[in-house]
Structures are given as C-alpha cells and as structure tokens.
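Chemist: Can you keep this structure in mind? I'll have questions shortly.
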Amino acid sequence: MQKTKGIYLIVGKSGSGKTTLVNELQKYGYTSVESYTTRPKRFKNETGHTFITEEEFDQLKDICAYVKYNGYRYCATSEQVNDSTLYVIDPDGIEYFKKHYAGRKKVRIVYIDCPWYTRLYRMLKRGDSLKQAIKRIALDSKVFSNCINKVDFIIKNKNKYKAVNLLKGVISELENYGE
C-alpha cells in the first residue's frame with residue numbers, strides 16, 4: 001500500500017474518467033474511498049461505491065463527506081478517508097469535506113478535465129441511455145460552474161494512460177518534495 005500524507009479528492013464531470021483513473025492507480029498501491037451511496041448500481045459489477053439503503057445510510061456515523069446528487073445521497077466517514085489516498089467527489093462534496101474532515105491528512109483537489117463529446121461517448125459505452133447522458137451533461141454544467149476555482153491541479157483526460165501518469169506524478173511530487 002502507498003504511504004501518503006495526503007488525501008487526493010478527484011473531481012470531474014460525469015464520464016470524465018475519475019473512476020477509471022482511480023482504478024488504474026490502485027494497481028500501483030493507491031487506495032480509494034468506496035463512498036456510501038443510496039444510488040442503485042448502473043451495472044452488475046460496478047465499483048467505487050458501497051451501495052446501501054436509505055435506512056442503512058441514516059445509521060452511518062462520523063461522516064466527513066456528504067452530498068446529494070441527482071436525488072441520491074453519497075458520503076464517506078473519517079475512517080475511510082484516513083485509510084485511503086484517493087476519493088472521487090463532486091464540487092458540493094468538496095465544500096462539505098473541507099468543513100467536516102478533521103483527520104490527519106493534507107487535502108489536495110485534482111480536477112479531471114475532459115471534453116463533453118468524449119464524456120457523452122463514455123457514458124453511452126458504459127450503458128447510460130442517451131437521455132440519461134444528456135441529462136447528466138446538462139446537470140454537470142450547473143454543478144461544475146465554479147469548480148475550477150476550488151481545485152489545486154487540473155489533469156486533461158484525453159488518454160487514460162497519460163492521465164494516470166500525470167496523476168501519479170502530481171501525487172509523487174507532493175509526497176516526495178513536501179506540500
């Protein structure tokens with residue numbers, strides 16, 4: 001497992017490649033928060049979240065990250081964050097996190113930038129309907145309108161492997177040379 005002083009909040013619009021990049025980084029020993037959500041799975045073997053009921057969600061303690069997106073609730077606990085390197089989150093979640101996380105890790109925010117047409121293609125490829133994908137793109141336009149002002153780093157994701165290497169480089173620089 002990677003030893004790290006930081007928690008890297010990975011933020012980006014739907015289909016930008018956040019989960020794919022995090023899954024790739026896990027091959028190098030980085031760990032990711034599997035946030036809790038009341039959202040149903042999009043497909044059978046979906047990863048990145050722990051899917052729970054509304055009742056189970058209400059029983060969670062020590063929540064340091066919370067957001068409601070598209071009618072569903074998402075959260076993470078301090079214990080999850082302290083045991084992880086990466087956390088996929090949205091802009092509203094960043095604000096909540098900054099106010100409620102009292103753990104030992106330095107927080108860095110990395111924005112994954114990707115053109116809308118690439119995101120649309122990816123959403124359709126993963127099984128979203130055209131209507132769902134267009135709805136998400138429209139919603140993201142509002143949700144992410146001021147996001148760029150909240151981030152520490154921007155990574156252009158046109159190529160998965162190049163983006164993974166850039167993200168590894170950002171983390172390595174911060175960890176090896178101080179924050």
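Chemist: Under 5 Å between amide H atoms, partner at least 5 residues away or on a different chain: which partners does ASP113 have, H built in plane at 1.01 Å?
Modeler: Those qualifying (amide H under 5 Å, at least 5 residues apart or on another chain) are ILE155, LYS156, ASN157.
Chemist: Could you check the simple spin-label distance between THR50 and ASP62, using points 7 Å along Cα→Cβ, in nm with one decimal?
Modeler: Distance between the two pseudo-spin positions: 1.2 nm.
Chemist: On to the next question. So if each residue of separation counts as 0.36 nm, and I subtract the Cα-Cα distance between THR118 and ILE148, what length gain in nm does that give? Walk me through the numbers before you get to the answer.
Modeler: Details: separation 30, 0.36 × 30 = 10.80 nm, distance 1.92 nm.
So the extension gain works out to 8.9 nm.
Chemist: Taking segment 67-114, which trypsin sites (Lys or Arg not before Pro) meet the DSSP loop condition and have no more than 13 other C-beta atoms within 10 Å? Don't jump to the answer; show the numbers that get you there.
Modeler: Details: sites: LYS68, ARG73, LYS98, LYS99, ARG104, LYS105, LYS106, ARG108; in loops: ARG104, LYS105.
Passing both the DSSP loop test and the Cβ count: ARG104.
Chemist: Between the alpha-carbon centers of segment 66-82 and segment 2-52, tell me the distance in whole angstrom.
Modeler: 12
Chemist: What is the spin-label model distance, in nm, from PHE43 to LYS158 if the labels are put 7 Å beyond Cα along the C-beta direction?
Modeler: Inter-label distance under the simple model: 2.5 nm.
Chemist: Using DSSP to define loop residues, name the GluC sites (Glu not before Pro) in segment 1-108 whose beta-carbon has at most 15 other beta-carbon atoms within 10 Å.
Modeler: Filter output for segment 1-108: GLU46.
Chemist: Residue-wise, which Karplus ³J(HN,Hα) couplings in Hz belong to segment 23-30, taking 6.51 cos²θ - 1.76 cosθ + 1.60, θ = phi - 60°, and x for glycine or proline?
Modeler: 4, 5, 5, 5, 5, 9, x, 6
Chemist: Let me ask you something else. Quick query: amide H of TYR69 versus all other amide H atoms, modeled in the peptide plane; which residues come in under 5 Å with a sequence gap of 5 or more or a different chain?
Modeler: TYR74
Chemist: With respect to the cross-link table entries LYS18/LYS99; LYS135/LYS168; LYS27/LYS142; LYS105/LYS135; LYS106/LYS135; LYS13/LYS131, which display a Cα-Cα separation exceeding 28 Å?
Modeler: Working: LYS18/LYS99 23 Å; LYS135/LYS168 32 Å; LYS27/LYS142 33 Å; LYS105/LYS135 35 Å; LYS106/LYS135 34 Å; LYS13/LYS131 16 Å.
Long pairs (Cα-Cα over 28 Å): LYS135/LYS168; LYS27/LYS142; LYS105/LYS135; LYS106/LYS135.
Chemist: For LYS125 and SER141 in the same chain, what is the full-extension length gain: residue separation times 0.36 nm, less their Cα-Cα distance, in nm? Write out the running numbers ahead of the final one.
Modeler: Details: separation 16, 0.36 × 16 = 5.76 nm, distance 2.08 nm.
Using 0.36 nm per residue and subtracting the Cα-Cα distance, I get 3.7 nm.
Chemist: Please compute the per residue accessible area over the chain with all protein chains in place, 1.4 Å probe, rounded to a whole number of Å². All intermediate terms of the calculation are to be shown ahead of the outcome.
Modeler: Details: 9800 Å² over 179 residues.
For the chain, the per-residue accessible area is 55 Å².
Chemist: Ignoring ligands, DNA and RNA, what percent of the 1.4 Å accessible area of segment 1-106 is carbon and sulfur? Before the final figure, lay out each step's value.
Modeler: On the way: 2500 of 5310 Å².
In segment 1-106, the share of accessible area belonging to carbon and sulfur is 47 percent.
Chemist: How large is log10 I(q)/I(0) at q = 0.09, 0.16, 0.20 Å⁻¹ when the Debye formula is applied to the Cα atoms of the chain, each weighted equally and without solvent?
Modeler: Relative scattering, expressed as log10 I(q)/I(0), comes to -0.29, -1.00, -1.62.
Chemist: Rounded to the nearest 5, what % of DSSP beta bridges with both residues in segment 1-121 are antiparallel? If you can, show how the numbers build up before the last one.
Modeler: Numbers: 8 of 21 bridges.
If we restrict to bridges inside segment 1-121, about 40 percent are antiparallel.
The values are calculated or read from the model by the stated rules, or taken from the named source; none is laboratory data. Everything numeric in this text was worked out from a predicted model, so none of it was measured. As a convention, Cβ positions derive from the backbone with ideal geometry for all residues, glycine included, and neighbour counts pool all protein chains shown. We work out accessible area using only protein heavy atoms, side chains counted, and drop any ligands, DNA or RNA first. Shrake-Rupley method; radii C 1.70, N 1.55, O 1.52, S 1.80 Å.
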